[in-house]
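The values are calculated or read from the model by the stated rules, or taken from the named source; none is laboratory data. Just so it is clear, the model here is predicted, and its values are computed rather than measured. When we count neighbours, we look across all protein chains shown, and the Cβ atoms used for this are built from the backbone with ideal geometry, even at glycine. The accessibility values were calculated without ligands, DNA or RNA, using every heavy atom of the protein model including side chains. Shrake-Rupley method; radii C 1.70, N 1.55, O 1.52, S 1.80 Å.
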Amino acid sequence: HSCCATCSSYVLEYLSSYFYITVLYYNPNIYPDEEYFKRVEEQKHFIERFPARYSISLVEGAFEKERFYTMA
């Protein structure tokens, strides 16, 4: 699970030497919307540029902010 590229960078660097990784990017509580989209794009760019030994893929969870706000 990742909420931004900064938080995931070391973990991806370390684990990609040993495993194929699928990152779930999910964080519906990010505000404002622009910040959410900025973070997910940076996560994508980081994964694309990172020279991992084993591949890293990304699955983006739904940005269901209203569902999150209702629950919270």
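Side notes on the structure shown:
- Solvent exposure of the chain as accessible area per residue, Å², 1.4 Å probe: 71
- The long axis of helix 33-49 is offset from the longest Cα principal axis of the chain by roughly 10 degrees.
- Carbon/sulfur fraction of accessible area - the chain, other protein chains in place, 1.4 Å, %: 56
- For the chain, relative contact order (Cα pairs under 8 Å, six or more residues apart, normalised by length) works out to 42 percent.
- R0 of 35 Å, Cβ-Cβ distance Thr70-Thr22: FRET efficiency to nearest 0.05: 0.80
- Summarising the label geometry, the points placed 7 Å from Cα in the beta-carbon direction at Glu48 and His1 lie 2.7 nm from one another.
- When the helices of the chain are scored as -39500 (n - 2.57) per DSSP H run of n ≥ 4 and the total is divided over every residue, the value at 222 nm lands at -15000 deg cm²/dmol.
- Cut-off under 5 Å, modelled amide H: who pairs with Val23 long-range: Ser57, Leu58, Val59
- Between helix 5-15 and the chain there is an angle of about 30 degrees, using the helix long axis and the longest principal axis of the Cα atoms.
- Where the alpha-carbon atoms of the chain are placed on the principal axes, they occupy 41, 20, 16 Å, in descending order.
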